[in-house]
1. Considering only the range A:1-91, give the helices (runs of 4 or more DSSP H) lying wholly within it that have at least 1 residues that are closer than 25 Å to A:I127 by Cβ and without any contact (Cβ under 8 Å) to a residue 12 or more places away in the chain.
2. Give the range B:1-57 a look and list any residue that's assigned to a helix (DSSP H, G or I), of a type in the set (D, E) and under 60 Å from the mean Cα position of the chain (by Cα), or say none.
3. Of everything in the range A:146-181, what is more than 7 Å from chain B (Cβ to nearest Cβ), in a helix (DSSP H, G or I) and over 19 Å from the mean Cα position of the chain (by Cα)? Give them in sequence order.
Amino acid sequence: MDEAALISAARQGRLDAFNDLVLAYQQQVYNLAYRILGDPAAAADATQETFIAAYRNLDRFRGGSFKSYLLRIVANRCYDELRRHKRRPTTSFEDFGEMDAEANPALVNGGEGPEEYAERQEMARVIQAGIESLSPKLRVVLVLADVEGLSYQEVAEVVNIPPGTVKSRLARARARLRDYLRAQGELLPARYRLE
Amino acid sequence: MRLGKRKREELLSAYLDGELGADERARLEARLESDPSLREELDGLRRTVALVRDLPPAPLPRNFILSPGMVAPARHRPRSLPRRLVAVPRMAFSTLVVGLLFVAVLLGDWLTGRPPAAVRVAVTMPQATVVIREMPMGEAGEETFAATAPTNAAPSPPEGEPLAAQTAAPYAGPTATVTPAATPTVAPTSTPTPPVMGAEPGPAGRPSRLWWRIAEVVLGVATLSLAAASLRARR
């Protein structure tokens, strides 16, 4: 069944059809929430609330990209969460416990040795900390564009701002993240250093 | 022409995304040819974007499929007011109740603590009592002593009966003066006695005053705390 048929069936109250959509998009929705909030538990809550809200408000979906519809909901939830609680989590090593290679074999690239894997994990931790150092406005735009790979126009639709604003916010976010990573200097693995 | 920092960042970022128009792109590429610092800046930005795009997807902690209970219409659920909207009136009501109780206790304390009229007279004239007791015993002294007698812890003489009638033995006659031994036996018990406490009916008076004070302090503190808490909740 294609996406339009699933949406149509879900509108008629078929929860199993909507759950097929959940399975198709849950990774992207959770990833966006995790990169913005930096906390697995908060990201899981935001993801679950997003799918519930998406199902209840399915009548308001006017067609177009269902992915954008979901990302808009989760981005707004994360943004509200950051504004409300001024959540600025410091990424701890405990948060990355679940990113263990044994528990998640998919994290290991083919042919990657233990040293490369450890370096990549350390790099991911530093980048996540850099993302969390950005203001909520810049963070949301950066994650949508560079993590989720949305175009300027798609980001503008999700965040409900003009494309010109997306352009300037994204530029500032990237420049600040670059400065942050440069400031880490020797802390980064040699092959990832920006100098 | 030298570009401002923000404009430069925007141009380089949009250039990386292929979002520049043909003219702008050509101008920027010409500048990149001649400006090594601009090339270095572009390179740093490009590597930063590549690192972010290379982030592994966060592993899913669980599936997020929905159950019928999760999506039950909100109107079918018992809807409760936000906690704050419920808490504020409740706290205001509690403040009012405790405040009224506090006022009632204050009034009760004041009403039950009023000394009888005879005692109030004695309270206003403590010095006169002492002076007269040092004078040779006469009619004036007997009357004054009779008036102050109810404030003593010692057994009170019947009202109107001269003290001389009870202490007749030590005195030689109407012209005799008070002996030195007699003065300390009466004066210390009459003069320092607190007027309010002396007005209490019997030895149980002191604990009951204490309980009034405790109740006043507790209710006063509770009233102030509740008022402060409800003001904070209202904000």
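1. Those helices (runs of 4 or more DSSP H) span A:15-37, A:40-56, A:66-85.
2. B:E9, B:E10
3. A:P163, A:G164, A:T165, A:D179, A:Y180
Only the coordinates and a few stated rules stand behind these numbers; no lab work does. A quick note: this is a predicted structure, and the numbers were derived from the prediction, not measured. As a convention, Cβ positions derive from the backbone with ideal geometry for all residues, glycine included, and neighbour counts pool all protein chains shown.
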